[in-house]
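J.: Have a look at this one before I ask anything.
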Amino acid sequence: MCGIVGYIGPRDATPIILNGLKRLEYRGYDSAGIAVLEVDGQLRVRRDAGKLNRLVTLVDEQPLNGNLGIGHTRWATHGEPNARNAHPHMGATGEVVVVHNGIVENFLQLREELVAEGVEFKSDTDTEVIVHLVEKFLSTDVPLEQAARSAFSHLKGHHGIVLISSREPDKIVAARIGNAGGVVVGFGQEEMFIASDMPAILEHTREVVFLESRQMAVITRGGMALQDLDGKPLEYQTDIVSWDPVAAEKGEYRHFMQKEIHEQIRSLTDTIAGRVDFEEARILLPQLNLTAEFAKKIEKIYIIACGTAAYAGMVGKVLIEKIARIPVEVDIASEFRYRDPIVTPNTVVLAISQSGETADTLAAMAEGKARGATLWSIVNVVGSQAMRISDGYISMQTGPEIGVASTKAYTAPLIDQYMLAILLADLRGTLSESERKALVADLARVPDWAGQALSREAEVAKVAESLKDITHCLYLGRGINMPTAYEGALKLKEISYIHAEGYPGGEMKHGPIALFEESMPVIVIAPRDPWVDKMISQIEQSKARRSPVVSVATEGDDTIASLSDHVLWVPDVPWMLSPAITVIPLQLLAYHIAVLRGLDVDQPRNLAKSVTVE
Ligand code: AGP
């Protein structure tokens, strides 16, 4: 996720902005930039790919002097991480610069319209359409904020946007649209600050206003005018935050894990963004370097990973086999590397890894490569070893995941594999146009479905109260939600230290049913999918043996509600996308049980965020 910092006041803007960006480095990025309105009235930009120290060196070599500026660290969504794609983006007149967090979902259409009007684009990014739209509406009798409102009314998606103009040297305009890009305004003494996250400005002020969706701030040295996107003035109260720097990174959440569970609206937006042409119903995964010729030749895909990532791969198997009709085998990486796997030149080894540094996964990748396989990876940490050694990759784009228990880096690869399956099917011709359009259209609603599941956190916390003292637990799932059972169990065991097992629902009669009794609660994942009737019978069998049952069910399913002791409701979601949603109440359940047990949720005992040794 991108970082934004802005300043207006009596001091030199450059060091304040650069230091602020440094405080946001933990968010992950692959390029950075700064724009300052210099004392001669010109806006000048410095930007580069790579880490912030490259930008600092650039600014040392070519200093920027002024009291108004904005800066940005970018996590590439589309457009390679290089200087021309780094923010801030300047328009054709050189009078406006913009920094942006989020994705303009309809940027292809907007770009075509602007090109038809004679606009020349200098980057591959979606963001650049914003600055050209603002310039289009800006004129002597149209103030910057009004031009910005007109421009923003054309944008689809979730955004945090900050812009300045040499035409109005005493102003910063900022806006938040949707839930992706946070925007916080800091109040100083005759100086003002703006940032995407508190840590960037905490050293200067603790008096802040967090913008809400569809709010615009017009900021001058003396303060802020808040309005909605129709220009209607809004009242506001400032907050005084007492956070220490680490707490500031958690924002309004108690733990990084809770923050990251809730960040899934944003991380699912980011993993989709820029990769879907919704008009043409096409998937764009350029970093995979996949040709139609090779796609047609693929005979088998091994998905190799560890822990949570392996469970994500189990969902991917169902998706790729169902949509692209390619045989898929999921292998725990520590097994794959030692079992003399059968690999041909038409085999793909697809590694899934949040860190991209897991020793077993890297070793399995090396094994696959040594045997002639094509190596792909789905990785979160840009520039990690797994990404570097792959022939092609898909970045999860969730932003850094700090909590040891993986959450957003589980749901993102589920969607990445869904998109991969559609792309493979499209290239292999195994999907009709209408089927492809339907599958692609559903992607647009994933962040909203996640938001609906997250909105029920209070209900989940209540169920956690009733489970906080259990010593065992079984999670049952079937079909595409069988891995959800495994992942839900892993979440509970790794942060609450309760012994929990995930099991295919159909396996109960082959042994585990002997465990059913009052002290053995059963979590049944039973959304409205092709297997729901089988899961209802599972619930009945569990109840018949006095096991308490907690069901994950689709809103309105009265049958399951009548049979279960508790229900964790999820929205009605197409079954192929359901694992990204059904897991959310299980993440929250594990989190709240661990909190009730007074445990260290973010750093559970014996665990590391990345297992870089065997
Ligand atoms: C999951 O919550 C754990 N942190 C662990 O299972 C993790 O998924 C596994 O170690 C793989 O890590 P990676 O995705 O960084 O390769």
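J.: Among (1) modelled with pLDDT of 95 or more; (2) more than 16 Å from the ligand (Cβ to nearest atom); (3) small (Gly, Ala, Ser), which single condition is Gly488 missing?
T.: Going through the list (1) modelled with pLDDT of 95 or more; (2) more than 16 Å from the ligand (Cβ to nearest atom); (3) small (Gly, Ala, Ser), Gly488 breaks only (2).
J.: Residue by residue through the stretch 595-614, note down the ones that are within 16 Å of the ligand (Cβ to nearest atom), over 24 Å from the mean Cα position of the chain (by Cα) and in contact (Cβ under 8 Å) with a residue 60 or more places away in the chain.
T.: The answer is Leu599, Arg605, Val613, Glu614.
J.: Applying the selection to the stretch 310-339, what residues are away from the ligand (no atom under 16 Å from the Cβ), open to solvent by 40 Å² or more (accessible area, probe 1.4 Å), modelled with pLDDT of 95 or more and more than 15 Å from Leu414 (Cα to Cα)?
T.: Answer for the stretch 310-339, where residues must be away from the ligand (no atom under 16 Å from the Cβ), open to solvent by 40 Å² or more (accessible area, probe 1.4 Å), modelled with pLDDT of 95 or more and more than 15 Å from Leu414 (Cα to Cα): Arg325, Pro327, Glu329.
J.: Continuing with this model, one more query. Before we move on, is Ile523 more than 22 Å from Leu319 (Cα to Cα), touching a Leu at 6+ places or on another chain (Cβ under 6 Å) and in contact (Cβ under 8 Å) with a residue 12 or more places away in the chain? Show your work before the answer.
T.: Values: more than 22 Å from Leu319 (Cα to Cα): yes; touching a Leu at 6+ places or on another chain (Cβ under 6 Å): no; in contact (Cβ under 8 Å) with a residue 12 or more places away in the chain: yes.
Spelling it out, it is not the case that Ile523 is more than 22 Å from Leu319 (Cα to Cα), touching a Leu at 6+ places or on another chain (Cβ under 6 Å) and in contact (Cβ under 8 Å) with a residue 12 or more places away in the chain.
J.: I would also like to ask the following. Would the stretch 435-443 turn up any residue that is on the phi < 0 side of the Ramachandran plot, open to solvent by less than 10 Å² (accessible area, probe 1.4 Å) and touching a Pro at 6+ places or on another chain (Cβ under 9 Å)?
T.: Among the residues of the stretch 435-443, not one is on the phi < 0 side of the Ramachandran plot, open to solvent by less than 10 Å² (accessible area, probe 1.4 Å) and touching a Pro at 6+ places or on another chain (Cβ under 9 Å), which makes the answer no.
J.: Further, regarding this structure: Within the stretch 260-286, track down each residue that is open to solvent by less than 20 Å² (accessible area, probe 1.4 Å), of a type outside the set (Ser, Thr, Tyr) and assigned to a helix (DSSP H, G or I).
T.: Glu260, Ile261, Gln264, Leu268, Asp270, Ile272
J.: Oh, and also: Go through the stretch 364-411 and give me each residue that's open to solvent by 10 Å² or more (accessible area, probe 1.4 Å), more than 23 Å from Glu249 (Cβ to Cβ) and either free of Cβ contacts under 8 Å to residues at least 60 places away in the same chain or within 12 Å of the ligand (Cβ to nearest atom) (or both).
T.: Ala366, Glu367, Lys369, Ala370, Arg371, Gly372, Gln385, Met387, Arg388, Ile389, Ser390
J.: Is the stretch 343-354 home to any residue that is among the hydroxyl-bearing types (Ser, Thr, Tyr) and within 16 Å of the ligand (Cβ to nearest atom)?
T.: At the first step, the residues of the stretch 343-354 found to be among the hydroxyl-bearing types (Ser, Thr, Tyr) are 344, 347, 353.
Add one more test, that the residue is within 16 Å of the ligand (Cβ to nearest atom), and what stays is 353.
Yes, the stretch 343-354 contains at least one residue that is among the hydroxyl-bearing types (Ser, Thr, Tyr) and within 16 Å of the ligand (Cβ to nearest atom).
J.: While we're here: Please work out if Ala450 is under 16 Å from the mean Cα position of the chain (by Cα) and surrounded by 15 or more Cβ atoms within 10 Å (Cβ to Cβ). If you could, list the steps in order and put the result at the bottom.
T.: Numbers: under 16 Å from the mean Cα position of the chain (by Cα): yes; surrounded by 15 or more Cβ atoms within 10 Å (Cβ to Cβ): yes.
Yes: the conditions hold for Ala450.
J.: Find the residue count for the stretch 587-608, including only residues that are buried (at least 17 other Cβ atoms within 10 Å of the Cβ) and more than 14 Å from His255 (Cα to Cα).
T.: The number of residues fulfilling the criteria is 1.
J.: Which is over 30 Å from Asn606 (Cα atoms), open to solvent by 60 Å² or more (accessible area, probe 1.4 Å), modelled with pLDDT of 95 or more and not hydrophobic (A, V, I, L, M, F, W, C), of Arg528, Arg545?
T.: Values: Arg545 fails: modelled with pLDDT of 95 or more.
Answer to the check: Arg528.
J.: Scanning for something polar (S, T, N, Q), in a helix (DSSP H, G or I) and over 20 Å from the mean Cα position of the chain (by Cα), does the stretch 357-364 turn up at least one residue?
T.: Of all residues in the stretch 357-364, those polar (S, T, N, Q) come to 358, 361.
Add one more test, that the residue is in a helix (DSSP H, G or I), and what stays is 361.
Filter once more, so that each one left must be over 20 Å from the mean Cα position of the chain (by Cα): 361.
The answer is yes, given that some residue of the stretch 357-364 is polar (S, T, N, Q), in a helix (DSSP H, G or I) and over 20 Å from the mean Cα position of the chain (by Cα).
J.: Only helices (runs of 4 or more DSSP H) wholly contained in the stretch 372-466 count here; list those with 3 or more residues that are of a type in the set (Val, Ile, Thr). Can you show your working first?
T.: Numbers: elements: 385-389, 408-428, 433-443, 446-454.
Ranges flagged: 408-428.
J.: On to the next question. For the stretch 309-350, give me each residue that is in contact with a Leu (Cβ under 7 Å, 6 or more places away or on another chain) and not in a helix (DSSP H, G or I).
T.: Residues satisfying the conditions are Ile326, Val349.
J.: Can you list residue pairs whose Cβ atoms sit under 8 Å apart, with the first residue in the stretch 112-126 being loosely packed, with under 12 Cβ neighbours inside 10 Å and the second being in a loop (DSSP other than H, G, I, E, B)? Count only pairs 6 or more apart in sequence or on different chains.
T.: Glu120/Ala92
J.: So is Ala305 small (Gly, Ala, Ser), touching a helix residue (DSSP H, G or I) at 6+ places or on another chain (Cβ under 8 Å) and closer than 17 Å to Pro413 by Cβ or not?
T.: Yes, satisfied.
J.: Looking only at the stretch 556-586, how many residues end up being open to solvent by 40 Å² or more (accessible area, probe 1.4 Å) and either within 12 Å of the ligand (Cβ to nearest atom) or among the charged types (D, E, K, R) (or both)?
T.: Here the count works out to 3.
J.: Okay, next question. Working only within the stretch 351-363, note down all residues that are buried (at least 19 other Cβ atoms within 10 Å of the Cβ) and either without any contact (Cβ under 8 Å) to a residue 60 or more places away in the chain or of a type in the set (D, E, K, R) (or both).
T.: Going through the stretch 351-363, the residues buried (at least 19 other Cβ atoms within 10 Å of the Cβ) turn out to be 351-356, 358, 360-362.
Scanning the stretch 351-363 gives Ala351, Ser353, Gly356, Asp360, Thr361, Leu362.
J.: Going residue by residue through the stretch 412-432, is there one that turns out to be within 22 Å of Val330 (Cα to Cα), under 16 Å from the mean Cα position of the chain (by Cα) and more than 16 Å from the ligand (Cβ to nearest atom)?
T.: yes
J.: Determine if the stretch 462-478 includes at least one residue that is hydrophobic (A, V, I, L, M, F, W, C) and under 23 Å from the mean Cα position of the chain (by Cα). Show your work before the answer.
T.: As a first pass, look at the stretch 462-478 and keep what is hydrophobic (A, V, I, L, M, F, W, C): 463-464, 467, 470, 473-474, 476.
Now narrow it down to the ones that are under 23 Å from the mean Cα position of the chain (by Cα): none.
The answer is no; no qualifying residue exists.
The values are calculated or read from the model by the stated rules, or taken from the named source; none is laboratory data. These figures come from a predicted structure and were not determined experimentally. In this analysis, Cβ positions are derived from the backbone assuming ideal geometry, glycine residues included, and neighbour counts consider all displayed protein chains. Only protein heavy atoms, including side chains, enter the accessible area calculation; ligands, DNA and RNA are left aside. Shrake-Rupley method; radii C 1.70, N 1.55, O 1.52, S 1.80 Å.
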